[in-house]
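Presented below is the structure to which this report refers.
The values are calculated or read from the model by the stated rules, or taken from the named source; none is laboratory data. Computed from a prediction, not measured in an experiment: that's the story for all the values here. All Cβ positions, even for glycine, are placed from backbone atoms using ideal geometry, and neighbour counts span all protein chains on display. Accessible surface areas use protein heavy atoms only, side chains included; no ligands, DNA or RNA. Shrake-Rupley method; radii C 1.70, N 1.55, O 1.52, S 1.80 Å.
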Amino acid sequence: MTDAAANVRFTSDAGLKMLASQALVPLPMGSSELDIQVVPEADGLFYLNVFTTQNGATSAISIPIAAGSGKPKLDAMGEAKPSAAGEKIISMPVR
C-alpha cells in the first residue's frame with residue numbers, strides 16, 4: 001500500500017493575521033516543509049491551526065504562538081464570581 005498525497009489548510013485565532021491564503025495546499029507524497037508567516041495584532045497567546053487531510057481522514061493540530069508577554073488577554077464580559085472551591089470565575093459565551 002502506498003501513501004496518498006495530502007492537503008493542508010491553515011487558520012488562525014482572532015488577533016493573529018496570516019500573510020498567506022487559507023486555501024487548501026496540496027502536499028506531495030513524502031516529507032514536506034511549509035513556511036507560514038503570521039503577525040500578531042496584540043500581545044497574547046494565539047494559535048495557528050493546521051488541518052491535514054489524507055486518505056479521507058482529517059487531523060488537526062494547533063501551534064501556540066506567543067507575542068509580547070505571551071499571556072492571553074481575556075475580555076471581562078462579566079463580574080468574577082467565586083466557585084465552590086473559592087476560585088474566581090468569569091463565565092464567557094462560546095464562539
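Using packing as a proxy for protection, rank 50-58, 31-39 so that the peptide with the highest average count of other Cβ atoms within 10 Å comes first.
50-58, 31-39
By accessible area of protein heavy atoms, probe 1.4 Å, what ranking do K88, K17, K81 get, highest first? Can you show the working numbers first?
Numbers: K88 175, K17 110, K81 130 Å².
Result of the area sort, largest leading: K88, K81, K17.
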